[in-house]
1. Mean residue ellipticity at 222 nm from the helices of the chain, using -39,500 (n - 2.57) per DSSP H segment of n ≥ 4 over the full residue count, to the nearest 500 deg cm²/dmol?
2. Antiparallel versus total DSSP beta bridges in the range 77-217: what percent is that, nearest 5?
3. Using a 1.4 Å probe over the heavy atoms of the protein chains, calculate the carbon and sulfur portion of the accessible area of the range 1-104 as a whole percent.
4. Can you work out the base-10 log of I(q)/I(0) for the range 9-61 at q = 0.13, 0.21 1/Å, using the Debye formula on its C-alpha atoms alone?
5. Sequence neighbours fewer than 8 away in the same chain don't count; with that in mind, list the lysines whose C-alpha is under 22 Å from K104.
6. How many angstrom lie between the C-alpha centres of the range 191-213 and the range 1-69?
7. How big is D, in µm² s⁻¹, for the chain by Stokes-Einstein at 4 °C and 1.567 mPa s if Rh is the Kirkwood radius over C-alpha pairs?
8. Return the single residue from E90, E58, E35 with maximal mean-square fluctuation; model: Gaussian network over the chain, springs between Cα atoms under 10 Å.
Amino acid sequence: MRIFLDTANIDQIKQAVKLGVISGVTTNPSLVSKEGVADYAATIKEICSIVPGPISVEVLVEGVKPMIEQARQISTWAPNIVVKIPATAEGLEVTSVLAKEGIKVNFTLCFSLNQALLGARAGATYVSPFVGRLDDIGHDGMQVVKDIVGVFQKYPEIHTEVIAASVRHPEHCVAAAKAGAHIATVPNNVLVQMIQHPLTDIGVSRFLADWKRVSRK
Ligand code: E4P
């Protein structure tokens, strides 16, 4: 399973790239507004230049024609742009047009196997089931990921990749990996939690202390 960072924070992205563990970034309007970004296009272009992998960028208009036009525009910002299109009827129509033009689509706000299957059939490069938001309403978000992965595997002509999104804690990543998700997109705090283990910290301290004792002799 590959790891994407779910953020629009440039410092977090730079740090995660230094760690060598992320293969892409997903953004959304809420994440961008949290950063107080003045120039949307400039920020996205900067992210695209930092990360050698796909950068998902939300289309922010309604209606098939305006969405297609904005998606085409956004896709010119950098070669690694993926446009995020919502899992609606309009979104399907938009996805099928863009896919035929070679523009990569992340079919987002996906909450069911049926939505994911339709997104794949329309030509989406990625589908993003939102695990945490399903959990929030008492559903089993990870079961949806498992179902999508399982069904896509049954049909080898489907090349759409599954991004476990709306990840809230490291256990979501464990479950997504076990479910066979191609990618988990994780907020920075979850990435940090994935790295840490108290036994590693204790182990490092002990090894260093023991080594100091030996090297003093
Ligand atoms: C993914 O592409 C979305 O940006 C993100 O995972 C949504 O997560 P949230 O439910 O925490 O807002």
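1. Value at 222 nm, helices only, nearest 500: -16500 deg cm²/dmol.
2. About 0 percent, rounded to the nearest 5.
3. Looking at the range 1-104 in its full context, I get 52 percent from C and S.
4. -0.29, -0.74
5. K45, K65, K84
6. First find each Cα centre; the distance between them is then 33 Å.
7. Answer from the Stokes-Einstein relation: 71 µm²/s.
8. E35
The values are calculated or read from the model by the stated rules, or taken from the named source; none is laboratory data. Here the structure is a predicted model, which means the values were calculated and not measured. The area values use the complete protein model at the heavy-atom level, side chains included, leaving out ligands, DNA and RNA. Shrake-Rupley method; radii C 1.70, N 1.55, O 1.52, S 1.80 Å.
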